[in-house]
Each structure stands twice: as structure tokens, then as C-alpha cells.
Amino acid sequence: MKNRLISFLKFTWFPVLVVTAWQFVSSNAANPFFPAPTKIYAATKYVFTAQWVTQSLATSLYTIFAGYLIGSLLGLVFGSIFGSNNLLREIFTPITNFMRSIPSPAKIPVIIALFGIGLSSRITTVAIAVLFPVLLTTMRAIATTDSHLLDYSKILKFGYFRSLIQVRIPAATGEILAGLQVALQIAVLVMVVSEMLGSGKGLGAFVIRAQATYMITDMWVGILTIGVVGLILTEGFGFLERKLAPWYFSSKGIK
Amino acid sequence: MNLVSKLSKYLAIGLLSFLIWEAAALVVRGAGFPHSWNVAEEITSLVKTSSFWADFAATIWISTSGFLLGILVALLLGLLIGLNKNIEISARGTLNFIRVIPSVVLLPLLIASIGSSARTAVILSAFVVASTFITYVIRGIADTEKQLIDTSRLIRLPQYAQIFFLYLPSTISLLGTGMRLSASRAFGTAVTAGIVAGTPGLGARLYMAQANSDVNRVFAYVFAMGFTGVVIYSLFTRLENRLFKWKISV
Amino acid sequence: MSQDIDSGVTLQVNDLAISFSRNGQDVPVIDGLSFDVSAGEILAVCGQSGIGKSTLVRSIAGLISPHRGEISIDSNVVREPIENLGFVTQDYSRSLFPWLSVEKNVALPFKGREISKAERKVRVSQALAEVGLEDSARLYPWQLSGGMQQRVAIARALVVKPKLLILDEPFASLDVYVRLELEDLVLNLVQTHGTTTLLVTHDIDEAIYMADRVIVLSGTPADSTSDISVNLPRPRVQMETRSNPAFLQLRNQLHASIRA
């Protein structure tokens, strides 16, 4: 019990200290850009309205989920196909590499120029940003299946699909999951940027609007909300990962 | 034979990319998806202008300074945190939080407090690099070979020598991936700041081209960024292979 | 500062107990172990793998502290690694600093010690010559074979003119020819310097061939079950010594006590 308390304190004293110091400094010296945490908290009371939840929060979450789902599914399917065929892999590796090397936010203006900045455009940008890293990691992971496992599946006379589903994909789980986790962070980034580029809706738009009208405290509420969304998504991913692919974690000894 | 097969491979890839592109152009014709030759034309005329190279130089300058600054901060902070178990535990939660926040949300704060200058972009990319890289530094220190730690105790290596001959080289040898990722992110952030906040460089030009509905130009800039990204990536891969020879042969 | 007459230390282990905590519980590894080693003696520690041999020598080296009992070297209780200690482990590939050249690896123990640059240089090249690596000084560990890497580790242990040399399964990862060669090399060196030596090995033949005395660890938690003097003539010669009837008899005796 006492040990638990100590480790809890070890973990929390620093953030608590930072917030306290921030509170103390900001209420003594009036720096307009760093409002006191108590002020930010007070602002949540009028910012968090039903309209805000549906217009900003729900829109952003919907964009992320839809875009991430579409992009990662396409990436997984095509990655599995390309990765298990040498010719396709040779052809698509450089193309995918090139597409991935374009900074994700830079893909947004392309979509805006073609389709405008509506909700479906924003979902498309997230999907495209997620697609290439997932495609690349899946392709690589599927292609580098342990040759012993492949020999074994040949001995068992597995066909293409059986060996893909029962050998290659399970063996690649760890790397694919790591790729999906990276893609999730990219999805959050692209969601925010696409909303900042004049969509009028979503958390990104809320933050940029607050900045433009010098509502610095509201802006902080938006910034912290996005941070919490990012944190919850990442933690949620980790939780699902342990639920859905426990064999990977137990075999690697990762807690 | 080898060269011929390599050449024909790239030719096939080029041809296929061309076909995929033109198919896309055909499908999204209504939205104004440009033909590949139009974009090629745009690129050739763009790289002849000196303003393009000025923008390119601005982006590279911002990325490089952000990268170096971020690496320096991450190394110093990472060593401080990683070498002490108690500090490491105290910092863990905070670092995790910083890592998952998309850094662009800090842009409005930076624009509001210091404006849309190159400095804003440098600070942001330094922040992105530092928050990316510090995880690698701390993990690198934690992954220092236990036998070497034992050995340095057995030969009574003094504290400073432990840092310089054990922890620092061991950590640096594990930092190749982190460096490469940080470099790409520094570049990506320089571009992003340009798109969102109009800080100088390619990003701002890309945004302007899009605002002017100049689709060819949008594609041309995106292509330029893709090439730059590929060059940065392969540069760092090469650097890694050269610097950390021993790791490869172990 | 230079000690021309080398002499080993004496070592006393008295009622030693060491345990590890596993899942919050203390699991004793060694309990109630006592033995002495006199100056210049070569003592081999035998026993099945996992019995606690490495734990024992790591605590003698001052890397881990015992839960009970005492280890003293020249009547001083060990609390941290002593100054003139040589230590060689099985994992040569992991105990050499990969980013340092052979000579820098060997010179590393001098960091933070008061010794002139010139003397360092002489000592390093001496140590390298002793293990036959004078031509590889500027190479890196990964450019050397396993046997050569282990020679570097031996040179690094010898460069401080150790008064106690601990060899923890030093030859276990090497092939048999290299192994015999290095056994003779080490034997020769410790005898000329009169270094007190602890050799941990699971190989009974190696223990008998090299040591003046062999102790056997057994049981859980482990203590010493037998303490056998090896009265074979020195210098020892591989094939000759190993075919001596006394060697074979010792071998049977040790075999029995390890199995016990």
C-alpha cells in the first residue's frame, strides 16, 4: 500500500508541479498567451456546449474514425497482396515509398484543390495519409515472413490464401500493429491540419478561429482537448492491441 | 545483365505509375485532376525560377535548424532523464503526453505569440524533433548492454568516462532510426507550418497555389516535396550505415 | 608505483548467502558457503549450470552484495570492485566495447587512474603482446574472430596487473582447439605473475587441468560439497597431463560429487 503511494507520487509529482508553477506564474504576471489553468478550466464551462460537441468534437472524431478505418483497411488488404507477391512488391515499394515521403499535411491541399474542403474531403485526406505508411509496413512485414515458417507451410501443402491467412499475416502481426499505431498519430495530425485549412468545423477549425479572434483561453481549451483526444486514441489502441493480439505481447515478453 | 534488368524494372515501374496516374486523371477528370505531362511541364518551368529555389532553401534551412536544435535538446534532456531511474519514472507520463499530442495544435499558440515568421517554424520543428528523438535517447540508454555496464564497474571507470565511453556511444549507435524519423519530421513540420501559418518556404507556396486553384502547380510542389523527402530518407540511411558499421557486423 | 614483484591476494568467503527476488519473493541461490583461497592459488569452481557459480563470482567481484556473510580480500571486506581486479566472462562479444579499437579497449581500465601516458602505452602493448595480439591493436572487436576477441578481454583483465583474476566460463563459447590454446596461455600468465585466480567452469577436465584446487557447488540453495586438491605436476602439458592416471581418478571423483 505504501509502496503504491510512493510509485504513484513518483509518477505524478512532475506534472502537478508544472501545472502549479504555471498557475502561480500566470496569476502574478499577466502573460496573455498563457492563461492560468484555473481560467482555462473555467472557460470549459462555456465552451463545452451541446453545439460545440456536435460541431467540433463529434465532427473531428468522425473524421478520424472514418478516415483511419478506410485508409488502414485499404493499406492492410493491398499490403498483404503486394507483400506476398515478389513482382508486385518490387513494383509498388518505390511508388509507396515516394508517396509516403510527401509530408502528410502536404497531401491536403491536393485534395482540397480537387474536391474542396467538405467532410468527405477531410475523411479522404486522413484515409490517404494513413494508407501509405500502413501499406508499406504491411508489405514489408508480409514479405519478410520467416523462411522456416514458409517452408513449413509448403510442406503442409498450404495454398496461397491459406498460407497468407494462417502463416504470413499472423507472423507479421507485431510489425503491422506498430505501423497501425504510427498511422493513428498521423491521422490525428492530418485531421487537425485539414480542419485548420478553413473548413469551419471540427476541433482544428475551433482552435484556429479562437486564435484569429484572440480568444486565447478558448484556444487553450481546444489545444488541450485535441491533446486528450490524441492521448485517449493512443491509449485505446494499446488496450485493443493487448486484447486482440495477446500472443504477440506474451511471446515478446512485452507488458 | 544486372544493369539491364534493373533499368527495365524501373522503366516498368515508371510506365505503371504513368498508367495509374492517367487512370486517376480519367476517373477524377471532372474535379480537374491534371494529366501527368501537364504537371511535368509545370515542374520543369518551376525549377527554372529562382524563387522556387529560394523557397526550397528556406524550407531546408528551417528543417535543418529545427532538426539540429531538437536533437541537441533531446540529447541533453534525454541523458539527464535516462541516466537516472527516478527522474526517468517522473518524466515518463509527461513525455508520453507530449508525444501523443499532434504538435500542430501548438501552431496557433506560436502564431498568436510570435507571428508567422521562419522562427515559428523552426521552434515548432525543433519541438517535434525533440519530442520524437528523446524517446529514442531514453530507450537507447536503457538498452545499454548489461555486460558492458558490469565491465565498466569492474574496471572502475569513473562517472564521466562511463558517460563518454559507454552510455553515449551505445545510445548513439541505437539512434539511427530516431535520427531518420526526426529528419523527416523536421522537414514535414517545416512544410506544415508553411501550409497552416504561412511561414516562409515551399509549404506556403503550396497553400497559395491551392488558394489560386492552380492544380498543376499544387501537384508540382507536392512532387518537389516528395523528392526532397526521399533524398532526406536515403541520406540518413547512408549516414547510418557508415557511422554504425560495428552494429551491422555484430 | 610500478610493482615489479607481483603477488596475488588472499580471499576469504565466510558463511555467504545470496538470494534474488523473483515475483516479490526472495529465492535463495547460495546459502552458507565458506572457503579460503591463498595467495597465488588457482581455484576452480565447478557445478551444474544454474547452480549459482556466476552469482558467487559476481559477488566476489563486488557487483552484487551478499545478504549474509562476508567476502574479504586481503582481510578487507569487499563492497565494490577492488582496484586490481581482472574479470573475463564467456560473452566476449558483449563485454568488449564495440566502438573502441582493441588497444583502446585494453587501455580503458586506466581511465581515471593516475598513471602517465607513456606508461599506459607500454602496459597496453605489453598486455597485447602477452596474448599475441600486437598486430591487431588498431582493429575493432568485430573484425576479430571469437578466440581473438577473448584474447582482447584477457589482455584487458591483465593490463591492470591484477591481484585477483576471475574467469567466468571464459572459454565456453570457443571451439576446442582455441580453447586448449587459451587454457595454456592463461595458465602460463597467471603462474608467472603469481595471480590469485578463480576459474568458474562447468567443464571438469578444464578445472582439473588448470587448478590447484577444485570446489564443487551443489544443492539449492547451493553450498560447497567437496574441496579437492589437484596434485598434478606443473608445468602442465595438455595431452600428457590429461592422460595421467591421477587426472582420470580426480575426474571420476569430481564427477561423482557433482552428480551427488
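Some values worked out for this structure:
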| quantity | calculated |
| --- | --- |
| 3J(HN,Hα) from dihedral phi, segment C:53-64, Karplus parametrisation 6.51/-1.76/1.60, rounded to Hz, x for glycine, proline | 5, 5, 4, 4, 6, 5, 6, 5, 6, x, 7, 10 |
| Whole-Å distance, taken between Cα centres, linking segment B:57-128 and segment A:100-143 | 25 Å |
| Average other protein chain Cβ within 10 Å of Cβ, residues B:142-155 | 6 |
| When the convex hull of its Cα atoms is projected in every direction, mean area for the protein assembly as shown (nm²) | 42.5 nm² |
| Coil-residue trypsin sites (Lys or Arg not before Pro) of segment B:9-93, DSSP, other Cβ within 10 Å capped at 13 | B:LYS48 |
| Inter-label distance, nm, simple model (7 Å from Cα along the C-beta direction), A:LEU88/C:GLN191 | 7.0 nm |
| Exposure rank, largest accessible area first [C:LEU108, B:LEU110, B:LEU69; 1.4 Å] | B:LEU69, B:LEU110, C:LEU108 |
| Segment C:ASN231-C:GLU134, extension gain: residue separation times 0.36 nm, minus the distance between their alpha carbons | 31.4 nm |
| Enclosed volume per residue, in Å³, of the convex hull spanned by Cα atoms of chain B | 174 Å³ |
| C:ARG151, B:ARG99, B:ARG139, ranked by accessible area, largest first (probe 1.4 Å) | B:ARG139, B:ARG99, C:ARG151 |
| Average beta-carbon neighbours from other chains, 10 Å sphere, peptide A:66-76 | 0 |
| For chain A, calculated [θ]222 nm from helices alone, where every DSSP H run of n ≥ 4 adds -39500 (n - 2.57) | -27000 deg cm²/dmol |
| Accessible area in the full protein assembly, largest first, 1.4 Å probe, for A:THR125, C:THR192, B:THR237 | C:THR192, B:THR237, A:THR125 |
| Hz values of 3J(HN,Hα) by residue in segment A:102-119 - Karplus curve (6.51, -1.76, 1.60), Gly and Pro given as x | 6, x, 3, x, 6, 6, 5, x, 4, 5, 4, 4, 8, 10, x, 10, x, 4 |
| Calculated from backbone phi, Karplus (6.51, -1.76, 1.60) coupling profile of segment A:143-156 in Hz, x at Gly/Pro | 5, 9, 4, 3, 5, 5, 5, 5, 4, 4, 5, 6, 4, 7 |
| When each of B:LYS6/B:LYS48; A:LYS157/A:LYS243; C:LYS111/C:LYS163 is checked by Cα-Cα distance, pairs over 24 Å | B:LYS6/B:LYS48; A:LYS157/A:LYS243 |
| Average beta carbon contacts from partner chains per residue of A:45-54, 10 Å cutoff | 0 |
| Most fluctuating residue given options C:GLY146, C:GLY69, C:GLY50, as computed from a GNM of chain C linking Cα atoms under 10 Å | C:GLY50 |
| Kirkwood-Stokes translational diffusion coefficient of chain C, alpha-carbon pairs, 25 °C, 0.890 mPa s, µm²/s | 129 µm²/s |
| Mean Cβ count within 10 Å, highest first, over the residues of peptides C:236-245, C:113-122, C:82-91 | C:82-91, C:236-245, C:113-122 |
| Mean Cα-pair separation over length for chain C, i.e. relative contact order, pairs under 8 Å, 6 or more apart, % | 27 percent |
| Segment B:116-157 residues near the modelled B:ILE87 label - backbone nitrogen below 19 Å, point 7 Å along Cα→Cβ | B:130-144 |
| Relative contact order %, segment B:95-250, counting alpha carbon pairs below 8 Å whose residues are six or more apart | 24 percent |
| Ordering of C:176-182, B:61-67 by packing [mean C-beta count within 10 Å, highest first] | B:61-67, C:176-182 |
| Extent along principal axes [Cα atoms of chain A; Å; largest to smallest] | 74, 59, 30 |
| Relative contact order, percent, segment A:100-200 [alpha-carbon distance under 8 Å, six or more residues apart] | 45 percent |
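The values are calculated or read from the model by the stated rules, or taken from the named source; none is laboratory data. None of these values were measured; they are calculated from a predicted model. Heads up, the Cβs are rebuilt from the backbone with ideal geometry, glycines too, and the neighbour counts pull from every protein chain shown. The protein model used for the area step is the full one, side chains on, heavy atoms only, and it has no ligands, DNA or RNA in it. Shrake-Rupley method; radii C 1.70, N 1.55, O 1.52, S 1.80 Å.
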